[in-house]
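The values are calculated or read from the model by the stated rules, or taken from the named source; none is laboratory data. Note that this is a predicted model, so its numbers are computed, not measured. Cβ sites come from the backbone with ideal geometry, for glycine too, and all protein chains shown count toward neighbours.
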């Protein structure tokens with residue numbers, strides 16, 4: 001399973017459980033949402049560091065450019081007039 005999916009599901013699950021517990025003790029829904037958000041962010045920051053690092057590495061791997069892009073090289077060669085041989089007649 002992708003680290004993105006795992007991290008997202010863990011954070012949403014943590015928020016849901018905390019929100020449910022706070023609603024069960026009859027806290028106003030907006031207070032429960034605020035407190036559950038803060039608790040979920042804090043717990044995920046402290047305890048899910050390795051998973052957060054895996055998400056960051058996955059993001060970095062997706063952002064890397066390929067070493068050679070054949071389309072870009074072909075477009076550059078077609079657009080660069082100096083790369084073609086001179087075809088002007090000699091006097």
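Residue 47: modelled with pLDDT of 95 or more and surrounded by 11 or more Cβ atoms within 10 Å (Cβ to Cβ), yes or no? Walk me through how you get there before you give the answer.
Numbers: modelled with pLDDT of 95 or more: no; surrounded by 11 or more Cβ atoms within 10 Å (Cβ to Cβ): yes.
Taking the combined requirement at face value, the residue does not satisfy it.
Restricting to segment 9-30, what's the tally of residues that are assigned to a helix (DSSP H, G or I) and surrounded by fewer than 11 Cβ atoms within 10 Å (Cβ to Cβ)?
Narrowing segment 9-30 to residues assigned to a helix (DSSP H, G or I): 9-24, 29-30.
Narrowing further to those that are surrounded by fewer than 11 Cβ atoms within 10 Å (Cβ to Cβ): 24, 29-30.
Qualifying residue count for the region: 3.
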